[in-house]
Each structure stands twice: as structure tokens, then as C-alpha cells.
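The values are calculated or read from the model by the stated rules, or taken from the named source; none is laboratory data. Because the structure is predicted, anything quoted here is derived from the model rather than measured. In this analysis, Cβ positions are derived from the backbone assuming ideal geometry, glycine residues included, and neighbour counts consider all displayed protein chains. In case anyone asks, the SASA skips ligands and DNA or RNA and just uses the protein heavy atoms, side chains included. Shrake-Rupley method; radii C 1.70, N 1.55, O 1.52, S 1.80 Å.
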Amino acid sequence: MTSTFMRMNHTQGNSYLEAIDAALEKGLAAKEVVCSITTGFRAIPSLRTAPGLNPYHASVADIGYGFDAVRGTINRLRQGESFSLAKELLVFDLDTLRISEKQLGLNFDLAVKDATPDTFHLIEQSRFLNLQIAEVIKEAIRLGQALLGTEWETIHARIQNIQAIPRL
């Protein structure tokens with residue numbers, strides 16, 4: 001990690017990046033199970049045509065891409081790659097995950113709105129895993145904020161216009 005990336009020492013910075021990566025790894029496991037369950041929803045007549053199923057499935061995939069993006073940025077930093085806007089990229093990637101998580105919840109509610117009682121166990125398992133994913137994302141963002149300190153808000157304010165671009 002380059003010394004221009006942050007004002008803390010190399011070891012502290014790497015510790016934060018490791019913690020963010022470890023949190024996302026846990027979330028990735030939950031995302032994989034949710035993706036499998038979501039794919040299985042297509043076989044259930046009461047869910048197959050739910051208005052939110054396709055957007056929900058896309059949101060699950062979007063979170064997977066987001067995890068990969070953050071982890072890729074972290075790997076580049078840990079390998080000592082120096083690139084412009086490294087902080088902005090990390091904030092952008094983490095904040096994009098926050099947005100994806102919001103979409104996940106809204107689309108999930110649409111997808112399971114008219115579910116029949118025989119699917120409640122799958123729905124509850126998905127809801128539980130979605131909450132785990134949300135907690136992982138919140139933890140990764142909290143760690144990113146701790147890593148960057150007051151710069152987080154400044155950078156976040158600059159990237160918000162980019163975040164306003166429709167994504168799905």
C-alpha cells in the first residue's frame with residue numbers, strides 16, 4: 001500500500017484493508033447461498049412470476065460484483081500499486097455496495113409479496129441471509145470510514161453525483 005493512500009502507518013492501513021476484505025468474504029458466502037435460493041424461486045409457481053423476482057436476482061448478482069470490486073481494489077492497494085483516485089475508488093466501491101443492499105431489500109419484498117405458506121422456510125432463510133449481507137456491508141463501510149477518517153465524507157460528497165446514475 002502506498003504511503004500517499006493514507007496518513008496512518010503501513011501496518012495499520014493494511015489491518016483495515018484486511019478487515020474489510022475478511023468481512024466481505026463472509027458476505028460473499030451468504031450471497032452465494034442467497035443466489036442459489038433465488039434461482040430456486042423460479043421453480044415455485046407462486047414466486048415464478050413475482051414482479052420483483054428478476055430485479056431481486058439482479059440485485060443479488062450486483063452485490064456479488066460489488067464484493068469483487070472492493071476486494072479487487074483492496075488487492076491492488078495491498079500489492080503496492082499506486083493509482084490515481086485510489087481513495088475515491090475505495091469509497092465508490094463501498095458506497096455502491098450500500099446502494100445495492102438497499103435495492104436488494106426492496107426487490108426481495110416485491111419478489112416474496114404473494115408467496116404461499118409452503119415457501120415461507122425459504123423466504124425466511126433468504127431474509128436472514130439478506131440481513132447478514134447487509135451487516136457485512138455496513139461493517140465494511142464502517143471500517144472504510146475508520147481507515148480514511150474525515151476524508152471519507154469529503155470523498156463521498158464528490159462521488160455522489162456519479163452514484164446518482166441509474167444502475168439496473
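Is it the case that some residue within the range 113-121 is in contact with a Gly (Cβ under 9 Å, 6 or more places away or on another chain), of a type in the set (A, V, I, L, M, F, W, C) and in a helix (DSSP H, G or I)? Don't jump to the end; show me each part of the working.
First pass over the range 113-121, keeping only residues in contact with a Gly (Cβ under 9 Å, 6 or more places away or on another chain): 113.
Among the residues that remain, those that are also of a type in the set (A, V, I, L, M, F, W, C) are: none.
Scanning the range 113-121, I find no residue that is in contact with a Gly (Cβ under 9 Å, 6 or more places away or on another chain), of a type in the set (A, V, I, L, M, F, W, C) and in a helix (DSSP H, G or I), so the answer is no.
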| task | Could you tell me which numbered condition residue 70 fails, if it satisfies all but one of (1) out of contact with any Asp or Glu (no Cβ under 7 Å at 6 or more places or on another chain); (2) in contact (Cβ under 8 Å) with a residue 12 or more places away in the chain; (3) of a type in the set (Val, Ile, Thr)? | result | (1)
| request: Filter the range 138-168 down to the residues that are part of a helix (DSSP H, G or I), more than 17 Å from the chain's Cα centre (by Cα) and not aliphatic (A, V, I, L, M), then identify the one that is modelled with the lowest pLDDT. | output: 161
| field | the range 59-96, residues that are open to solvent by 40 Å² or more (accessible area, probe 1.4 Å), under 23 Å from residue 133 (Cα atoms) and among the polar types (S, T, N, Q) | value | 75
| request: Mind listing whichever residues of the range 19-52 are more than 22 Å from residue 137 (Cα to Cα) and in a helix (DSSP H, G or I)? | output: 39, 40, 41, 45, 46, 47, 48
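Would you tally the residues in the range 30-58 being more than 28 Å from residue 87 (Cβ to Cβ) and either open to solvent by less than 20 Å² (accessible area, probe 1.4 Å) or small (Gly, Ala, Ser) (or both)? Talk me through it step by step, then tell me what you get.
Taking the range 30-58 first, the residues more than 28 Å from residue 87 (Cβ to Cβ) are 32-58.
Among the residues that remain, those that are also either open to solvent by less than 20 Å² (accessible area, probe 1.4 Å) or small (Gly, Ala, Ser) (or both) are: 34, 36, 38, 40-41, 43, 46-47, 50, 52-53, 56, 58.
So the answer is 13.
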| Quick check: anything in the range 73-82 modelled with pLDDT under 90, among the acidic types (Asp, Glu) and over 14 Å from residue 35 (Cα atoms)? | yes
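Out of the residues in the range 9-29 that are over 30 Å from residue 125 (Cβ atoms) and open to solvent by 50 Å² or more (accessible area, probe 1.4 Å), state the one that is modelled with the lowest pLDDT. Explain how you work it out, then say what you get.
Looking only at the range 9-29, we keep the residues that are over 30 Å from residue 125 (Cβ atoms), and these are 9-17.
Among the residues that remain, those that are also open to solvent by 50 Å² or more (accessible area, probe 1.4 Å) are: 9-12, 15-16.
Details: 9: 64, 10: 69, 11: 76, 12: 82, 15: 91, 16: 93.
Among those that are over 30 Å from residue 125 (Cβ atoms) and open to solvent by 50 Å² or more (accessible area, probe 1.4 Å), it is 9.
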